[in-house]
Structures are given as C-alpha cells and as structure tokens.
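What follows is one structure encoded as structure tokens, with my remarks underneath.
The values are calculated or read from the model by the stated rules, or taken from the named source; none is laboratory data. Remember, predicted model here, so these are calculated numbers, not experimental data. A quick note on method: Cβ atoms are made from the backbone with ideal geometry, for glycine too, and the neighbour counts reach across all protein chains shown.
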Amino acid sequence: MKEEQLLKVLCELMKNSRQSDRAIAEKLEVSQPTITRARAELEKGYIKEYTVIPDFPKIGYEIMAITLVKSKASLSKEIREKTLEEGKRWAKHQQNIAFGAMSYGMGMSAIAISFHKTFSDYIAFKRKLAETWGSVLDLHESLLVDMKHGQITKNFSFSCLTEDFDKR
C-alpha cells in the first residue's frame, strides 16, 4: 500500500482511534477491506500502541512533572553507556513515568515526563531519583504542572499533528 494512503489512515486514527474501519473508509472514499489492510500494516511499524488520554485529575493525578537531568561530564564512555542501559531499565519500572528519552539542549542529557497523585508522591519520586542516580548526575530539575487547579491552555493530544498530513 502506498505510504501516502497509509499516512491518511494513520491521521484518521490519530484523530480518533475508536473509529471503525468502515467510518474511516467512508471519509477517505475507499473500501473497508482497504482500511483493514492499512490498519494491519500500520500496526506492524507506524503504530506503537493504542491508548487513551485520561482526565488526569479525575483518575487521581494532580501533578505532571517534566524532569530534566544532566549527567556528570567526567563519566567515561563505558560508564555513560552502562548508565544509559541501566537508566532505560529503571525508567521502564517506574509506573509514573509516561515518557523518557535522551535529550539535548540547556545542558541537559535526559528528560522524563511523569504523573504524580500528590506533591508528596512527587517528592518521593525525586528522592528515589537522587538516591538511585546521584552518583552519575550533576543536576536534576523539574518543571511542575498543576493538572488539577492549573489553567490548561491546550489538552494533550496527537490529533494536532495530523494537520501537516491533511494538507497533502
């Protein structure tokens, strides 16, 4: 299937992943089996998972933390590589971390986006981070977002990314 057609189906799924293949087929003016094949192909490479974006305060998460860390410049290449692998394993086991990656800019080397039920939970997370990684980090700073009382100017969504594809 053509990549352009796959991307159109992907865009529709990004706008609403609950849509049926039939509904997408009608919008794109193709057959339902074409959409079913496209979805299966997308699930082999383009789609990592299907998920929902909840109302975080309603499910008990009041704080979103964007945590930036800076590794010590004095670390050897070997220790840096070992730390990276250990960090990947550690992050996967932290149920409150929704996203983690190496990063560039502002002198930082990695980022984690995490959700916390209370400020105390966030402090416990930061303490655990410091205890686990303090020997290899120069700095770890967080930007906190009050998900319960804050003024959210735009809700988290991937549908906005489809505008570029819609113009094609």
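Assorted remarks:
- Residue list for the stretch 52-79, filter: among the polar types (S, T, N, Q) and within 23 Å of F158 (Cα to Cα): T67
- Only listed residue being in the same structural domain as D121 (by TED's automatic domain parsing) and of a type in the set (D, E, K, R), chosen from K88, K8: K88
- Residue in the stretch 74-91 that is under 16 Å from the mean Cα position of the chain (by Cα), loosely packed, with under 14 Cβ neighbours inside 10 Å and either farther than 30 Å from C11 by Cβ or not hydrophobic (A, V, I, L, M, F, W, C) (or both) present: yes
- S120 being at pLDDT below 90 and either more than 17 Å from the chain's Cα centre (by Cα) or of a type in the set (G, A, S) (or both): no
- In the stretch 111-166, the residue that is surrounded by the fewest Cβ atoms within 10 Å (Cβ to Cβ) out of those that are assigned to a helix (DSSP H, G or I) and among the β-branched types (V, I, T) is I123.
- Just one of the listed residues (E3, E43, E49) is within 15 Å of S157 (Cα to Cα) and without any contact (Cβ under 8 Å) to a residue 24 or more places away in the chain, and it is E49.
- Residues of the stretch 128-159 classified as within 30 Å of R18 (Cα to Cα) and of a type outside the set (S, T, Y), total: 12
- Flag if S31 is modelled with pLDDT of 90 or more, hydroxyl-bearing (S, T, Y), under 22 Å from the mean Cα position of the chain (by Cα) and over 20 Å from L139 (Cβ atoms): no
- Condition check for F99: surrounded by fewer than 11 Cβ atoms within 10 Å (Cβ to Cβ) and touching a residue at least 12 places away in the same chain (Cβ under 8 Å): yes
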